[in-house]
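A.B. asks: Mind having a look at this structure? Questions to follow.
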Amino acid sequence: MTVFTQAENWLKQDPDPETRAELSQLIDAARAGDAVAHTELKHRFDGRLQFGTAGLRGRQQAGSMGMNRVLVSQAAKGLADYILQFDPQTPSIVIGYDGRKNSDIYAKDTAEIMAAAGIKTWLLPRCLPTPVLAYAIQHLDTSAGVMVTASHNPPADNGYKVYLGKSNGGGQIVSPADEEIAQLIDKATETPINEYPRSTQYITLDETVIDAYIAKTAALAQEPACELNYVYTAMHGVGKEVLLKTLNAANLPLPHIVAEQAEPDAAFPTVAFPNPEEKGALDLAIALAKKHQAEFILANDPDADRLAVAIADENGEWKPLHGNTVGCYLAWYLAQKNQGKQGTLACSLVSSPALASIAQKYGFANEETLTGFKYIAKTENLLFGFEEALGYLVDPDKVRDKDGISAAIVFLDLVRSLKAQGKTLLDYAHDFTQMFGAFISSQISIRVNELPDIAKLMAAMREHRPNQIGGQEVAQFIDHLHTDRQSDILVFYLANGCRLIVRPSGTEPKVKFYLDAKGETAAHAQEVLQAFDQAVRELLRQEKYGSQNC
């Protein structure tokens, strides 16, 4: 089948005027001899945007390699067929969506296909945080859930997260469910989407589920009341409404809000990447914090499943805290609060090794899972879980996914507990170092132009495995392709206690290098990390690795 036949078959079933026009122009230009258009057309149909344990995520554009109404409808049909096999007696689903372009349309397409398949279907009433959808799965006891979101990806992207409820606990899909759903999606592509049965007989939910989520989240606030002077940004996402309602329900002080980023805006006009981790993303929040002499900054990502924190250091310089730092601070607080109970503190294997020290100190089990919050959420007897990419689960009885709203409430409680002791967050940081040592983390990301370049870089790291990095011997090497984890992750432990982990991103075209160091003091740890970071960058610039852009 030629690329023109593929494109024209796609065009015939595309219900979206924008992507239809986009694809028509591309076809016409390619037929007229435009080599650039022909190359782009081939790229658009060079396979399919793959459905995996992260669901779907990619740039919104026409063709099988992009996020669009055809691809989403095919995914919905395949998922519907899976739900009917998974739960044939009482098949059900709840669907949510964020404020990105087309999120509401993709959600409604999914709802119509699900309802026509005989699946009891609920749709959240408006764009809402991902944690509300995750809660709704358990609240309604559904077979599955879908959240239409690209989380913190670039503005042009969108995504499709799939959860399984009932016996699967309400967390994101893991293998082999992803492979089984992908096979049914492939089968669904054999029928044009305009031949799929559709029905509007789905239920649009009222405020009941949202109010229940807010009430349960507000109940997490238990520390003594006090004044708090802080800044919040929703990063052009959907977090503000639910967070403010939760703060009011918990009788917590309200923040100064970054007005320019307060409401959902699919264009994300004030940030290049709507990710609180990205350089510059918190600039407006920092300016507002300085204006009001705030104590700290809280930020959600666009779908509010992540939480970022920034504080001013001893010199008054505002800096975001690393996700590992926030995760360990929350873990220490919750470990002390729950001392004497049974439970597990869990994090992904690329997150801070400090969590193991906290668990050991307070008698909790500790588990390092594969990367992806879906694995953390499946941990038995989970008390608290986190991943370094700003994801925290503070109340696993309520949701089985990271939750930036709940994490904000517990972080505010941490601050209130410190104030009751006459302490600040800087004091807390000092106390943590005194108790556990100074752990510090950073990350290097190598962004690639083509997805095959990821495999080439990972292959080069294996073929030319370094025996030393920056003069420090590699004391232990683990290739998780050859362990029971069977995952494309490389781990290098250095003789001085530093750790380097290498893995492809699950959601973006890049390879991530996670650096962890430890020192006796914060300054010492910073020195060790800086030397380690420089050594890794020098290593990657070698011709055999081909990463001159690091």
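The values are calculated or read from the model by the stated rules, or taken from the named source; none is laboratory data. It should be emphasised that the depicted structure is a prediction, and the values quoted were computed from it without experimental measurement. All Cβ positions, glycine included, derive from the backbone under ideal geometry; neighbour counts span all protein chains shown. Please note that ligands, DNA and RNA were not included when accessible areas were found on the heavy atoms of the full protein model with its side chains. Shrake-Rupley method; radii C 1.70, N 1.55, O 1.52, S 1.80 Å.
A.B. asks: Examine the range 502-525 for a residue that is assigned to a loop (DSSP other than H, G, I, E, B) and basic (Lys, Arg), and state whether such a residue exists.
C.D. replies: no
A.B. asks: Which of the residues belonging to the range 81-107 are hydrophobic (A, V, I, L, M, F, W, C), within 24 Å of the chain's Cα centre (by Cα) and open to solvent by 10 Å² or more (accessible area, probe 1.4 Å)?
C.D. replies: The answer is ILE105, and nothing else.
A.B. asks: Could you grab me the full set of residues in the range 16-45 that are free of Cβ contacts under 8 Å to residues at least 40 places away in the same chain, outside any loop (DSSP other than H, G, I, E, B) and open to solvent by less than 80 Å² (accessible area, probe 1.4 Å)?
C.D. replies: ALA21, SER24, LEU26, ILE27, ALA29, ALA30, ALA35, ALA37, HIS38, GLU40, LEU41, ARG44, listed by residue number.
A.B. asks: Could I ask something else about it? Failed condition for ALA346, given (1) of a type in the set (A, V, I, L, M); (2) part of a strand (DSSP E or B); (3) surrounded by fewer than 20 Cβ atoms within 10 Å (Cβ to Cβ), with all others met?
C.D. replies: So ALA346 meets the others, but not (3).
A.B. asks: Exactly one of these conditions fails for LEU243: (1) surrounded by fewer than 18 Cβ atoms within 10 Å (Cβ to Cβ); (2) within 25 Å of HIS322 (Cα to Cα). Give me its number.
C.D. replies: With (1) surrounded by fewer than 18 Cβ atoms within 10 Å (Cβ to Cβ); (2) within 25 Å of HIS322 (Cα to Cα) applied to LEU243, the lone miss is (1).
A.B. asks: Looking only at residues in the range 241-280 that are in a helix (DSSP H, G or I) and among the polar types (S, T, N, Q), which one is farthest from the chain's Cα centre (by Cα)?
C.D. replies: Within the range 241-280, the match that is farthest from the chain's Cα centre (by Cα) is ASN248.
A.B. asks: Let me ask something else. Quick check on this structure: which one of ALA285, ALA299 is over 25 Å from THR483 (Cβ atoms), assigned to a helix (DSSP H, G or I) and either touching a strand residue (DSSP E or B) at 6+ places or on another chain (Cβ under 8 Å) or without any contact (Cβ under 8 Å) to a residue 24 or more places away in the chain (or both)?
C.D. replies: ALA285
A.B. asks: Follow-up question, since we're still on this one. Does the range 46-72 hold any residues that are within 14 Å of MET147 (Cα to Cα), outside any strand (DSSP E or B) and open to solvent by less than 10 Å² (accessible area, probe 1.4 Å), and which are they?
C.D. replies: Correct list: VAL72 only.
A.B. asks: Can you find, within the range 349-377, the residue that is modelled with the highest pLDDT among those that are of a type in the set (A, V, I, L, M), farther than 21 Å from LYS518 by Cα and open to solvent by 30 Å² or more (accessible area, probe 1.4 Å)?
C.D. replies: Here the answer is ALA365.
A.B. asks: So, of the residues in the range 148-182 that are free of Cβ contacts under 8 Å to residues at least 12 places away in the same chain and assigned to a helix (DSSP H, G or I), which turns out to be farthest from ASN9 (Cα to Cα)?
C.D. replies: Only one residue tops the list, namely SER167.
A.B. asks: Among the residues of the range 201-223, how many are in contact with a Lys or Arg (Cβ under 9 Å, 6 or more places away or on another chain), under 19 Å from ILE119 (Cα atoms) and assigned to a loop (DSSP other than H, G, I, E, B)?
C.D. replies: Count: 1.
A.B. asks: State all residues of the range 471-500 that are open to solvent by 60 Å² or more (accessible area, probe 1.4 Å) and assigned to a loop (DSSP other than H, G, I, E, B); if no residue qualifies, say none.
C.D. replies: Selection gives GLY471, ASP484, ARG485, GLN486, ALA495, ASN496.
A.B. asks: Taking the condition open to solvent by less than 40 Å² (accessible area, probe 1.4 Å) and not in a loop (DSSP other than H, G, I, E, B), does ALA115 pass?
C.D. replies: In short, yes.
A.B. asks: Test LEU164 against the criterion of being modelled with pLDDT of 95 or more and touching a strand residue (DSSP E or B) at 6+ places or on another chain (Cβ under 8 Å), and give yes or no.
C.D. replies: When the stated conditions are applied, LEU164 passes them.
A.B. asks: Can I ask one more? Within 26 Å of SER199 (Cβ to Cβ), crowded, with 18+ Cβ neighbours inside 10 Å, modelled with pLDDT under 95 and not polar (S, T, N, Q): does that describe GLY78?
C.D. replies: Against the criterion (within 26 Å of SER199 (Cβ to Cβ), crowded, with 18+ Cβ neighbours inside 10 Å, modelled with pLDDT under 95 and not polar (S, T, N, Q)), GLY78 does not qualify.
A.B. asks: Filter the range 289-302 down to the residues that are surrounded by 21 or more Cβ atoms within 10 Å (Cβ to Cβ) and either in contact with a Gly (Cβ under 8 Å, 6 or more places away or on another chain) or of a type outside the set (Phe, Trp, Tyr) (or both) and list them by number.
C.D. replies: If the condition is that a residue be surrounded by 21 or more Cβ atoms within 10 Å (Cβ to Cβ) and either in contact with a Gly (Cβ under 8 Å, 6 or more places away or on another chain) or of a type outside the set (Phe, Trp, Tyr) (or both), then ALA289, ALA294, ILE297, LEU298, ALA299, ASN300, ASP301, PRO302 are the ones that fit.
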